[in-house]
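Please read the structure below before turning to the comments.
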Amino acid sequence: MNDFEITYATEDDVGTILDFITRLAEYENMLDEVVATPELLKEWLFEKKKAEVVFAVENGKKVGFALFFHNFSTFLGRAGIYLEDLFVLPEYRGKGYGKSLLKKLAEIAVERDCGRLEWCCLDWNKPSIDFYLSLGATPMDEWTTYRMAGNKLTEFAKRQDG
């Protein structure tokens, strides 16, 4: 690796974070789902502190990012870390930066006495799946992720039938 480091994001990085989110959404063919704004990211990441971001930085340039937050395992009786997004710019892939970002999250999990590090991956994303398997990650094939968002979430929250 060249001059490389992992750094934590600061409030000044909100625009860069949104740029990485947008690039990831483009890669995943989900750009139409991005409604995040710099103001929302500032509020939720730096004022409410609900998630954290680390960057992969080569020669002073941010070339990758990981956005993560704590979850909780009732079975383990302790917190874990959930990786929401991991993205390395295409021209910087193959240099070990994605692995370095995941290793940093593993180090954070161990330092914080967390019980696990988890994330999801789209079923069609074979390069990422192969990468995760090469690191020793275990797919959770017996679990299905469910989601409520937008109008469905609001409607369910307002339902009177329980």
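Summary of values
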quantity	calculated
Tilt relative to the chain, helix 97-111 - C-alpha long axis, 0 to 90 degrees, to 10	60 degrees
Charge sum, other residues only, whose C-beta stays under 12 Å from Leu153's C-beta, Lys/Arg counted +1 and Asp/Glu -1	+3
Region 43-161: relative contact order as a whole-number percent, Cα under 8 Å and 6+ apart	17 percent
Identified option (computed volume of the Cα convex hull per residue in Å³; candidates (i) 112; (ii) 156; (iii) 136)	(ii)
Exposure rule at most 16 other beta-carbon atoms within 10 Å, DSSP loop chymotrypsin sites (Phe, Trp or Tyr not before Pro): the chain longest free segment	1-74
Whether region 22-112 is rounded, prolate or oblate, judged on the alpha carbon gyration tensor where a/c under 1.5 counts as rounded	oblate
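FYI, it's all coordinate maths here, none of it is from the lab. Being a predicted model, the structure only gives us computed values, none of them experimental. Neighbour counts run over all protein chains shown; Cβ positions are idealised from the backbone, glycine included.
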